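Comments concern the structure below.
The values are calculated or read from the model by the stated rules, or taken from the named source; none is laboratory data. All of these numbers come straight from a predicted model, not from anything done at the bench. Using ideal geometry, Cβ is built from the backbone for each residue, glycine included, and neighbour counts are taken over all protein chains shown.
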């Protein structure tokens, strides 16, 4: 039996944050009923067509869900909404600010009728405060949360390549829903969870906050290098191969100088003793290191780093990740179905094949509408009437 088997999640979601949360719940076996706008659905369906005609973002966060098209603003949909709420253990929503309350999906309205229900509201800034009504997307929250200011090069601030503000909010929503379900098992009562993307992002940038405590200078933007540790980041060997390496402490610095650089004179130079001094002399020290590495191939550099016990990694592109020998050796790839046919998919981190994670299809828009409505007790004529009215 999967961990959340038998639990029903109804979700009013779009984009990434809420869908990422509910996909994790589906991975654990929960039934996730995704309510989508008739005709267009979750707008992430139209982000691109890079996955055999499907949107890459949508494929990533929407497998194992049932898609039901329902115009939740249409008066004729109210009975369906009521029936869905009665069936649900968890409701997750990241609608526009204030929309859920206007539709009768607030905690006050739902908990009065369904005391065992857990509601998870995901928003950009939270339900109150001066930013309450502002729209929020990943880049905007990365900016407001300070991440963009510490990411990139000295000349050019940058967002991260992954949607980390969305992911952070989605994962806090997921973990809080799991905690709420444990709490319900003891108290018998549901919970109200409010996840703010800004608060999630601020938590993730808290090292930088403490680095600037009491008005101290913020960490410098250092590209793919580390702003507060050196040497730590990309270095290029003489054959053009870029290797990421990380020296974390004085023991590793000694090993790096003796085994990788083979320059005991650099180790003996007091100017480079201690990480703080190495960071201050970053440009000067990089020239010393680069001078040695230009005489090595990438393969030789990795061999020396491994011999010295210095952490290192290849700078893979996306194809390199698809082909990664470690993921292949650990048998971490499987297949899922989709409207475009079979697609490769990564097993959920932390779960093995023996855990039997749910790895069902990415749904077509409205694929499960009729089946779910019949399950709620609607006859074929009722469903057809809703369809003619434009409610589904």
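For region 341-351: of the residues being assigned to a loop (DSSP other than H, G, I, E, B) and in contact (Cβ under 8 Å) with a residue 12 or more places away in the chain, which is farthest from residue 324 (Cα to Cα)? Talk me through it step by step, then tell me what you get.
Taking region 341-351 and keeping what is assigned to a loop (DSSP other than H, G, I, E, B), we get 341-342, 347-351.
When the remaining residues are screened for being in contact (Cβ under 8 Å) with a residue 12 or more places away in the chain, the result is 341, 347-348, 351.
Details: 341: 23, 347: 14, 348: 16, 351: 19 Å.
Across region 341-351, the extreme among qualifying residues is 341.
Looking at region 19-33, is at least one residue touching a strand residue (DSSP E or B) at 6+ places or on another chain (Cβ under 8 Å) and within 18 Å of residue 139 (Cβ to Cβ)?
Yes, region 19-33 has at least one match.
I need every pair where a residue in region 194-221 that is without any contact (Cβ under 8 Å) to a residue 24 or more places away in the chain has its Cβ under 6 Å from the Cβ of a residue that is surrounded by 12 or more Cβ atoms within 10 Å (Cβ to Cβ) and part of a loop (DSSP other than H, G, I, E, B), sequence separation at least 6 or different chains.
Close Cβ pairs satisfying both conditions: 211/219; 212/218.
Can you name the residue in region 317-340 that is surrounded by 12 or more Cβ atoms within 10 Å (Cβ to Cβ) and assigned to a loop (DSSP other than H, G, I, E, B) and is also nearest to the chain's Cα centre (by Cα) among such residues?
332
Among the numbered criteria (1) exposed (fewer than 15 other Cβ atoms within 10 Å of the Cβ); (2) at pLDDT 95 or above; (3) more than 14 Å from the chain's Cα centre (by Cα); (4) within 21 Å of residue 11 (Cβ to Cβ), which single criterion is violated by residue 175?
For residue 175, the failing item is (3).
Looking at (1) at positive phi; (2) free of Cβ contacts under 8 Å to residues at least 24 places away in the same chain, which is the only condition residue 56 fails?
Going through (1) at positive phi; (2) free of Cβ contacts under 8 Å to residues at least 24 places away in the same chain one by one, residue 56 breaks only (1).
From the list 304, 358, pick out the single residue that is in contact (Cβ under 8 Å) with a residue 24 or more places away in the chain and assigned to a loop (DSSP other than H, G, I, E, B). Walk me through it before giving the result.
Details: 304 fails: assigned to a loop (DSSP other than H, G, I, E, B).
After applying the criteria, what remains is 358.
Could you run through region 362-382 and say how many residues are more than 31 Å from the chain's Cα centre (by Cα) and either closer than 17 Å to residue 31 by Cβ or surrounded by 17 or more Cβ atoms within 10 Å (Cβ to Cβ) (or both)?
Going through region 362-382, the residues more than 31 Å from the chain's Cα centre (by Cα) turn out to be 370, 373-382.
Now narrow it down to the ones that are either closer than 17 Å to residue 31 by Cβ or surrounded by 17 or more Cβ atoms within 10 Å (Cβ to Cβ) (or both): 370, 373-376, 378.
The total comes to 6.
Looking at region 261-278, can you tell me whether even one residue there is free of Cβ contacts under 8 Å to residues at least 12 places away in the same chain and within 30 Å of residue 160 (Cβ to Cβ)?
Within region 261-278 (the criterion being free of Cβ contacts under 8 Å to residues at least 12 places away in the same chain and within 30 Å of residue 160 (Cβ to Cβ)), the answer is yes, since at least one residue qualifies.
Quick one: which strands (runs of 3 or more DSSP E) sit completely within region 192-254 and have at least 1 residues that are within 30 Å of residue 295 (Cα to Cα) and in the same structural domain as residue 303 (by TED's automatic domain parsing)?
Values: elements: 192-196, 232-236, 242-246.
Of the strands (runs of 3 or more DSSP E) lying wholly inside region 192-254, those with at least 1 residues that are within 30 Å of residue 295 (Cα to Cα) and in the same structural domain as residue 303 (by TED's automatic domain parsing) span 232-236, 242-246.
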